[in-house]
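A short reminder: the numbers here are calculations on the coordinates, not readings from a lab. Bear in mind that the values here come from a model prediction, so they are computed numbers and not experimental data.
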């Protein structure tokens, strides 16, 4: 089933985030942050299938041919506030019905049309991983610059204010209807809703070309008249389920190792006691018999077929050791 998943977040310093670190992780590369003098190395991460930097057609010369590290260092250097917003990131689920080559093409076409054409630089990383249903989950991370390009660097951010509707519309209680003052603002809610609609149309056109009957729909289940609750995304919970099994196995190994160590320590203590001067041959023979009898009990505990082996089935004399003074 093709699903619509399109989310946006802002990378901001007030949350302790860095555009350099985010780009290095998304692209699986090693990037150095000049501002913080930190190197972020994610070359060993898996799941990154393709990366790309997309520039506007009229991009100035200084940014043409720029690398990922130089781009985001320039972005960070241009922001002076300690709570600055440095980048905008989109996460877009790609229909798995598309071929790998088509997945790259459809994202590239969409990003160029909806964002790069407005003057943004897009840093795109195509990822693929296993979804909660056991199948692949192709998706793309798109990091976008938040300032337009100029001949010498980055210009002022494209903003908007909320102003009364120029047409005079009002609410039933008489309050004026507020609208965005700048229709071209990169922060416009109307603009991003249009971007969601554009992705729906472009992805569905790609599915049709691929001969698939599947389609995505940006509307909620309620808006589509479907009477069921949406299924939550498992994300980390899916992997924690497997992690629980691994940790349970590892903890069992730890318990056995701890028991083996206790047996060894008790045996060493017994040997030290047995090697001490004996008062008589009878005492020595009794101690030897008791030692071997205790050792046989420990082996019996560790035998899986006995029904008493392992830490889950302790014997009645568990953890008592061999008390040579009894």
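Is the C-alpha gyration tensor of the stretch 46-92 telling us rounded, prolate or oblate? Criteria: a/c under 1.5 is rounded; beyond that, a/b larger than b/c is prolate, otherwise oblate.
It is oblate, given that a/c is not under 1.5 and a/b is not larger than b/c.
Output the Cα-based Rg and Dmax of the stretch 2-107 in Å, rounding Rg to one decimal and Dmax to a whole number.
For the stretch 2-107, the Cα-based Rg and Dmax read 15.3, 44 Å.
What span do the alpha-carbon atoms of the stretch 15-54 cover on each of the three principal axes, reported in whole Å from largest to smallest?
29, 24, 19
Computed over the Cα atoms of the stretch 6-233, what is the convex hull's projected area averaged over all directions, in nm²?
Projected over every direction and averaged, the Cα hull of the stretch 6-233 covers 16.3 nm².
Using every alpha carbon pair in the stretch 131-192, what percent of pairs falls into each 5 Å bin from 0 up to the bin containing the largest distance?
Percent of Cα pairs in each bin: 4, 14, 13, 14, 12, 9, 9, 9, 8, 6, 2.
Normalized C-alpha radius of gyration of the stretch 69-136, against 2.2 N^0.38 Å?
Working: Rg = 15.6 Å, N = 68, 2.2 N^0.38 = 10.9 Å.
In units of the globular-protein estimate, the stretch 69-136 measures up at 1.43.
Short version: what are the Cα gyration tensor semi-axes of the stretch 32-164, square root of 5 times each eigenvalue, largest first, in whole Å?
Ellipsoid semi-axes (Å, largest first): 28, 19, 15.
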